[in-house]
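The values are calculated or read from the model by the stated rules, or taken from the named source; none is laboratory data. On a predicted model such as this, the values are computed, not experimentally measured, just so you know. Cβ placement follows ideal geometry from the backbone for every residue including glycine, while neighbour counts extend to all protein chains displayed. The accessibility values were calculated without ligands, DNA or RNA, using every heavy atom of the protein model including side chains. Shrake-Rupley method; radii C 1.70, N 1.55, O 1.52, S 1.80 Å.
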Amino acid sequence: MSLTNEEIYEAISKKLPKLDNETPSTVLGAGSDDLEAGRNYLEALVEDGWMLPTWPKKHGGRDSTPEEASMISRTLGLFKGADLYPYGVGLSLVGPILMDLGTDEQMDRWLLPIANGSEIWCQMFSEPDAGSDLANVGMSAEKDGEDWVLNGSKVWTSRGAYSKWGMCLARTNPETTKHAGLTMFALDMDSPGVEVRTIEQMNGDRHFSEIFISDVVVEDRNRIGGLGDGWKIAVNTLALERSSLGGRSFGGGDQATGLPSWLEEWKLKGYLEDPVSRQKAMKAFTLHRVNQLTVSRAAVSGNNSGPAGSGAKLRSVMAFKFRAYLSKELFGAEGMLINDNEHIEFLTGPSMSIRGGTDEVQRNILGERVLGLPAEQRVDKELSYREMLRVR
Ligand SMILES: Cc1cc2nc3c(=O)[nH]c(=O)nc-3n(C[C@H](O)[C@H](O)[C@H](O)COP(=O)(O)OP(=O)(O)OC[C@H]3O[C@@H](n4cnc5c(N)ncnc54)[C@H](O)[C@@H]3O)c2cc1C
């Protein structure tokens with residue numbers, strides 16, 4: 001039987017302190033990666049499965065229906081949260097993928113450590129020659145007895161410096177077309193031959209990296225899905241990533257009652273005294289709220305990935321950037337001298353249009369798959385990966 005809102009509130013209030021708008025929250029780890037706060041939060045919630053209600057009980061969930069999960073998620077918003085950015089790949093991407101096509105042994109080994117925050121995952125997809133054109137991945141995986149030997153490099157790997165596992169897309173067959181020759185692996189980041197070099201972003205974050213992989217041995221039991229299924233899994237993972245990025249309210253417009261804390265703050269700081277500023281601020285709030293409501297509706301109907309995820313990502317990026325840039329504008333010239341959370345969000349804005357697939361790529365997906373517009377020219381569709389290298 002489904003729980004009532006009151007029962008959920010009562011149970012969660014024993015685990016978490018009430019929301020306090022005094023403590024500034026980071027967004028997507030911007031400015032810091034607070035591993036400890038995230039782990040404490042997950043540990044507090046894992047026993048009764050509040051964080052991942054639709055997951056099976058034995059893997060850290062509580063077998064909830066989507067309706068109950070949506071009530072739980074709204075209730076969690078009334079309590080003090082943590083920026084779960086460091087844990088995002090495991091919680092939002094790897095977990096659902098494993099439940100869809102992982103072996104029982106993989107689920108038993110990896111899901112609970114994801115749910116309780118003891119093992120962090122990163123997403124090793126992008127390479128210097130494979131970003132928007134992800135199917136061009138060149139990292140090779142060659143069979144050696146029962147194992148695989150991986151060689152190549154990845155780039156822009158967020159959380160690479162502190163992850164235990166990497167969800168790694170590699171080429172197992174260069175003789176077939178670029179999409180068909182890919183396979184997904186779980187790579188133990190402590191393996192010999194893994195070298196992680198941190199890259200600093202313009203907002204000061206140091207959580208993404210280039211990763212060099214030299215003769216790294218991966219056991220076949222760490223292959224995720226079938227041989228040659230890598231592209232399908234990557235597409236599903238990216239759809240989950242977009243709906244997860246799109247589903248976040250990025251610190252605004254996420255409260256069940258009253259105005260979001262940033263709008264209250266702007267009021268206190270005197271930003272909203274003239275009508276034009278008020279109007280712009282309400283536009284920022286409306287963008288967040290419309291996205292939040294659309295995402296909730298899609299989640300309840302079970303239609304929250306695929307092109308819907310692309311729509312959600314575009315809307316939430318637009319809302320995030322509008323608010324981040326507006327806060328700078330409202331502060332005026334002095335805004336360039338401050339270095340607070342809002343400033344970090346301002347500097348994080350441009351990256352939002354790139355991570356998880358660029359705005360242009362999301363629009364291509366919506367154009368082709370929702371509006372039925374003609375597909376882009378794809379001249380390399382019939383060529384094998386090896387032939388493509390020669391054509392270049
Ligand atoms: C903060 C951040 C974190 C990231 N984290 C990760 C991570 O954890 N793991 C990971 O694997 N990757 C990660 N990435 C990489 C990200 O997925 C890629 O940067 C992104 O997919 C774009 O690829 P690219 O940088 O190679 O740009 P390109 O693909 O070279 O694109 C360059 C420009 O061309 C445009 N363009 C390209 N193709 C088309 C097209 N067909 N139609 C229209 N326009 C097009 C793009 O929109 C873009 O403006 C991260 C990126 C950022 C910024």
### Task
Select from segment 77-91 the residues that are surrounded by fewer than 21 Cβ atoms within 10 Å (Cβ to Cβ) and assigned to a helix (DSSP H, G or I) and list them in ascending order.
none
### Summary
Conditions (1) farther than 21 Å from residue 191 by Cβ; (2) assigned to a loop (DSSP other than H, G, I, E, B) -> residue 238 fails only (2)
### Message
Among the residues of segment 341-354, are any within 16 Å of the ligand (Cβ to nearest atom), outside any helix (DSSP H, G or I) and either open to solvent by 30 Å² or more (accessible area, probe 1.4 Å) or not assigned by TED's automatic domain parsing to the domain that holds residue 132 (or both)?
### Response
yes
#### Entry: Search result, residues across segment 151-164 that are within 25 Å of the chain's Cα centre (by Cα) and more than 7 Å from the ligand (Cβ to nearest atom)
152, 153, 155, 160, 161, 162, 163, 164
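Considering only strands (runs of 3 or more DSSP E) fully contained in segment 141-201, which possess at least 3 residues that are in contact (Cβ under 8 Å) with a residue 12 or more places away in the chain and open to solvent by less than 30 Å² (accessible area, probe 1.4 Å)? Before the answer, list the steps.
Numbers: elements: 147-158, 165-171, 182-188, 194-199.
Qualifying strands (runs of 3 or more DSSP E): 147-158, 165-171, 182-188.
Residue by residue, here is whether (1) at pLDDT 85 or above; (2) away from the ligand (no atom under 15 Å from the Cβ); (3) of a type in the set (Phe, Trp, Tyr) holds:
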| position | (1), (2), (3) |
| --- | --- |
| 285 | yes, yes, yes |
| 313 | yes, no, no |
| 316 | yes, no, no |
| 338 | no, yes, no |
| 381 | no, no, no |
| 384 | yes, yes, no |
| 390 | no, yes, no |
### Query
Which number in (1) open to solvent by 20 Å² or more (accessible area, probe 1.4 Å); (2) under 20 Å from residue 93 (Cβ atoms); (3) within 16 Å of the ligand (Cβ to nearest atom) marks the one condition that residue 362 misses?
(1)
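Going by the conditions given, is residue 312 among the small types (Gly, Ala, Ser), out of contact with any Phe, Trp or Tyr (no Cβ under 8 Å at 6 or more places or on another chain), outside the structural domain of residue 158 (by TED's automatic domain parsing) and open to solvent by 50 Å² or more (accessible area, probe 1.4 Å)?
Working: among the small types (Gly, Ala, Ser): yes; out of contact with any Phe, Trp or Tyr (no Cβ under 8 Å at 6 or more places or on another chain): yes; outside the structural domain of residue 158 (by TED's automatic domain parsing): yes; open to solvent by 50 Å² or more (accessible area, probe 1.4 Å): no.
Judged against the criteria, residue 312 is not a match.
May I ask you to say which residue of 27, 94 is crowded, with 19+ Cβ neighbours inside 10 Å and at pLDDT 95 or above?
94
For residue 43, state whether it is surrounded by fewer than 18 Cβ atoms within 10 Å (Cβ to Cβ) and modelled with pLDDT under 85. Can you show your working first?
Values: surrounded by fewer than 18 Cβ atoms within 10 Å (Cβ to Cβ): yes; modelled with pLDDT under 85: no.
No: the conditions fail for residue 43.
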### Task
For residue 324, indicate whether it is farther than 29 Å from residue 234 by Cβ, within 15 Å of the ligand (Cβ to nearest atom) and either buried (at least 18 other Cβ atoms within 10 Å of the Cβ) or at pLDDT below 90 (or both).
yes
### segment 329-340, subset acidic (Asp, Glu) and in a helix (DSSP H, G or I), residue nearest to residue 284 (Cα to Cα)
329
### Query
Across segment 99-140, what is the number of residues that are within 25 Å of residue 361 (Cβ to Cβ) and part of a helix (DSSP H, G or I)?
5
### Query
With respect to residue 128, is the statement that it is over 23 Å from residue 230 (Cα atoms) and within 16 Å of the ligand (Cβ to nearest atom) true?
no
### Task
Looking only at segment 355-381, count how many residues are touching a residue at least 60 places away in the same chain (Cβ under 8 Å) and either part of a helix (DSSP H, G or I) or of a type outside the set (S, T, N, Q) (or both).
10
